[in-house]
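The values are calculated or read from the model by the stated rules, or taken from the named source; none is laboratory data. Treat the numbers as computed from the prediction; the structure is a model and nothing was measured. For neighbour counting, all protein chains shown are included, and Cβ atoms are generated from backbone atoms with ideal geometry for every residue, glycine included. The accessibility values were calculated without ligands, DNA or RNA, using every heavy atom of the protein model including side chains. Shrake-Rupley method; radii C 1.70, N 1.55, O 1.52, S 1.80 Å.
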Amino acid sequence: VGDSGDVFYLDMDFIVIDELQGDWNFRIKVDKLEIDKKSKKYNIGKNIDLRNGTNFEIEKIKTTPLSISLESTAGIMDYSYFVVEDKGREIIGKGSSGYRNKVIMNFRSLIEEDTKNITFIPYRIRADYKPNTNIYEMNNLPIEMSQGSMGKLTVNSVEWINDTTLKIKYEAEDIASVTQSTSLALVDENNNTVMNENRFNTQIDRKDNRTFEMINDGLDKSKNYRFAAADEDSYYEIREDLKFTIDLK
């Protein structure tokens, strides 16, 4: 980190990311005054009753070019939340923290500055969850993979870039499409998962919440690979009946 005051530069050098060797150098200018200018605070003061004995108050929401933070009383921790903005695009969570009877939930930044509202959809991981994965042959495209109440995944194209690299283009449809997109995997002849090169983010454009691209390297074109998709209904208990919307005004 260089310079001081309201402007500084963040220098980052990487020689390996996970198992990928390389040499990457980043120099990022961070201007605190510019961030402050584009930051907004909303005093919400909205009581939420989830009708299951859980009550809490959303006190404040702060949006910055880097993130969204929501401050509430502690009851919100009874659930996790999918967060969707007014155009139906999912905003990914970044974790939460608590102190005394307060909870702060953090999310990625708004996709567009003129967002009018964000909706919170509570969910839990099912206590009786058992892995349930469906296998699909890689032919007769497009291939639709139902995910129950989570919607569906659709593989539209597969393209061998060379004898070892496969590019897969697919779509995810439903309330939490970015989260849902991660349930697609490529498996080998023994049903072992083949890790994709861009497994941390297959989203092509953050403003496009449906279209994704998976890159798999180190393959053997002569082998028979297939798709695997987890059954999200067996994993998530989604409570759309308990969702609530917060206006940003």
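GluC sites (Glu not before Pro) within the range 72-149: which are DSSP loop residues with at most 15 other Cβ atoms inside 10 Å?
Qualifying residues, ordered by number: 112, 113.
Which chymotrypsin sites (Phe, Trp or Tyr not before Pro) does the range 171-249 hold that lie in a coil by DSSP with at most 14 other beta carbons within 10 Å?
200
Ignoring ligands, DNA and RNA, what percent of the accessible area of the chain is carbon or sulfur (1.4 Å)?
46
Can you give the charge dipole size of the range 130-249 about its Cα centre, rounded to the nearest 20 debye, using +1 on the beta carbon of Lys and Arg and -1 on the beta carbon of Asp and Glu?
200
What number, rounded to the nearest 500 deg cm²/dmol, is the helix-based mean residue ellipticity at 222 nm of the chain, given -39500 (n - 2.57) per DSSP H run of at least four residues and division by all its residues?
My calculation for the chain gives -1000 deg cm²/dmol from helical runs alone.
How would you rank 150-156, 185-191, highest first, on the average number of other Cβ atoms within 10 Å across their residues?
150-156, 185-191
Counting only heavy atoms of the protein chains, get the accessible area per residue of the range 74-187 (1.4 Å probe) and round it to a whole Å² value.
50
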